Structures are given as C-alpha cells and as structure tokens.
Amino acid sequence: MLRNLGLTLALLVSLTLGAPSLDAISFQPKSFDELADEAEQIFIGTVRDATSRRTDKGPIVTDYMFGDLEVIKGGAPEPQASITMLGGTVGNESMTIAGAPAFVIGVRYLVFVAGNGSVIFPVVGGYQGIFQVRRDPQTGGSNVYDYGGRPIVDLPASKSALSNRHVASSPSGDGSSAPPTAVSTEAFVSAIRRVLER
C-alpha cells in the first residue's frame, strides 16, 4: 500500500512538473470550527529556516523550522517545530506547485497543522489554515492577518468562515480612508480555544 502511495505521489508530481498549463491546486473551503477541529496541532511560531531536500521517493520537499513557539493545540516539540511541504529547490532543480501555500523566513505565523510528514500539504485547508501574526506598534501586542496579508477584522461565529476585508481606497479618492483594524492575536486565540472546549 505504501508503494502504491509512493507511485501515486510520483505520478502526481511528474504530471505537475510536466504540465505547466494545469490548473492551480485548490482547497475545499473550511469553516473556522473545521480548521480548529481538524488540526492535530495549532501553534504560533516564527519561521527560522527552510531546507529543501529530495525524498527517498524522488519528490522535492521543504522543511520549514519554526521557533519562538506558542502552542495552542497538540504537542509541538518546544523550542521549535517543523512543517514539511511539497516543493522547493535542490541544486539546479526547482519544484513549485501553483496555488500551494508556502512560508517566508522571518515571518510569524499561526498555523493549523494536520498530517505533517504524511501528506503533501499538511496545513488544514491549505492557505486557509495559515495566518500572519504581526506586531501592533500602537498597542505593543500583535494582530492577525490572513495568508495574503489582509487583516482579519471579525471573529467568526460558530460554523462560519472567517470574515476578511481588503483595505480599500476612499470612495472620494482623497486617500483619507484608514485601513481596517485587525483583531488581536489574543482574541483570535481565545476564539480557537472556545471551539476546542466544545
């Protein structure tokens, strides 16, 4: 069975590499409750390193190392944790999957993880399970942004998707519109804990 899984993965990778016109990967929409419930681990951490390597089966993967951890769910080993994702660069060979999430060294994230080490994208819902955590210079705390850097402005109601708003320019065109305020990391983590306590 593992051999068949390896062959299937190798076929998927070769199809992806050999057919650049394939549609980008997409992920099934997840509610906030599903993100929390399906995750085996949830943690906040800063990406300290990213190392690409070739697996025994052939595909290239990248190991992202996270430090300065705050564990919300599961047993992430402190003081660091790692997430292995399909794709990366080894020597002169690169493998990229269109639409697949990735992490940036130096950025702090809140991540919903499931199947790490056994699935090609071990983040619940793909990019939906990755949030940026940024320091707020006004409060000294931190706020939460989605994978693309847009502020999370509302905490989700039970069983609903997150409510994101893009920063829009002022309708008058004078640029006086202030960007929406992102929810605090503390409030966001409290919302996750409420889901987990049900």
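Read-outs throughout are calculated quantities, based only on the coordinates presented, and are distinct from any laboratory measurement. This is a predicted model, so every value here is computed, not measured. Positions of Cβ are generated from backbone atoms using ideal geometry, with glycine treated the same way; all protein chains shown enter the neighbour counts.
Report the full-extension gain for the segment Lys57 to Asn92: residue separation times 0.36 nm, less the Cα-Cα distance, to one decimal in nm.
10.7 nm
Ranked highest first by average number of other Cβ atoms within 10 Å, how do 180-193, 117-130 line up?
Highest mean packing first, the order is 117-130, 180-193.
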